[in-house]
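These notes concern the structure reproduced below.
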Amino acid sequence: MNRSPILLALACTALCAPLFAADPAPANPPAAPLTPAAEILQRVTFPPEFEATVFASPPHVSYPVFISAAPDGTLFVACDENGSLDRKPDRGKVVRCKDTDGDGQADVFTTFAKMDSPRGLIWDASTRTLFCMHPPNLTAYTDADGDGVAEKQVDLITGLGFGLDFRGADHTTNGCRMGIDGWIYIALGDY
């Protein structure tokens, strides 16, 4: 049977946290303990014609809120330890996850850029630029040398929604997409 690959970028701490908690010893322990990835895959169902792997998970990627993919399969994951409600500064970042050996699992992780409340990502491979919506700003982060870390950042738009000085990132500017017309579209919440 031909199996089509599908990648699962399961890095949600809320989903994965129970997998890492200490469980009481089972009455009939398994012959060998499962890896965290195997435990995650036991909780996911998918059609038999698909194959699933866990592409990234804690500790490399935690508290994911948005994702963007490059044409080569590299994933950029917006991570925010504040979640939706907390308001502590310097807890957000974008992690670049790269699978260099083609096994369906990221093996190189770099902090591409740091910012508060990353809530939307668009990767432009032609310019090595990641557009990130992090209220109240839309910022372009550029990795000119291709090392996985942005050397340059330019705020393109400011004043979209509110920053952490007003409230957490819920109900504010959450999400952006590049349209087929080349324009960036941004979702604004009720704040």
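Of note:
- Residues in region 98-135 that are touching a Phe, Trp or Tyr at 6+ places or on another chain (Cβ under 9 Å), without any contact (Cβ under 8 Å) to a residue 60 or more places away in the chain and not aliphatic (A, V, I, L, M): Lys98, Asp99, Phe112, Pro118, Arg119, Trp123, Asp124, Thr129, Phe131, Cys132, Pro135.
- Qualifying positions in region 115-140 - in contact with an Asp or Glu (Cβ under 7 Å, 6 or more places away or on another chain), among the hydroxyl-bearing types (Ser, Thr, Tyr) and assigned to a strand (DSSP E or B): Thr139
- Residues located in region 82-94, provided they are surrounded by fewer than 23 Cβ atoms within 10 Å (Cβ to Cβ) and within 12 Å of the chain's Cα centre (by Cα): Lys93
- Condition met for Ala52 (modelled with pLDDT under 90 and surrounded by 13 or more Cβ atoms within 10 Å (Cβ to Cβ)): yes
- Subset of region 55-74 [hydroxyl-bearing (Ser, Thr, Tyr) and open to solvent by less than 40 Å² (accessible area, probe 1.4 Å)]: Ser57, Ser62, Ser68, Thr74
- In region 141-153, the residues that are open to solvent by 60 Å² or more (accessible area, probe 1.4 Å) and in a strand (DSSP E or B): Lys152, Gln153
- Subset of region 95-114 that is part of a strand (DSSP E or B) and open to solvent by 40 Å² or more (accessible area, probe 1.4 Å) - its residue that is nearest to Asp165 (Cα to Cα): Lys114
- Some residue of region 156-163 being in contact with a strand residue (DSSP E or B) (Cβ under 9 Å, 6 or more places away or on another chain), at pLDDT below 90, in a strand (DSSP E or B) and aliphatic (A, V, I, L, M): no
- Scanning region 32-40 turns up no residue that is at pLDDT 90 or above, more than 24 Å from Phe109 (Cα to Cα) and open to solvent by 30 Å² or more (accessible area, probe 1.4 Å).
- Screening region 154-189 for residues that are over 20 Å from Ser68 (Cβ atoms) and of a type in the set (Phe, Trp, Tyr) and picking the one that is surrounded by the fewest Cβ atoms within 10 Å (Cβ to Cβ) gives Phe166.
The values are calculated or read from the model by the stated rules, or taken from the named source; none is laboratory data. This structure is a prediction, so every number in the text was calculated from the model and none was measured. Using ideal geometry, Cβ is built from the backbone for each residue, glycine included, and neighbour counts are taken over all protein chains shown. Side chains are part of the model used for accessible areas, which takes the heavy atoms of the whole protein and leaves out ligands, DNA and RNA. Shrake-Rupley method; radii C 1.70, N 1.55, O 1.52, S 1.80 Å.
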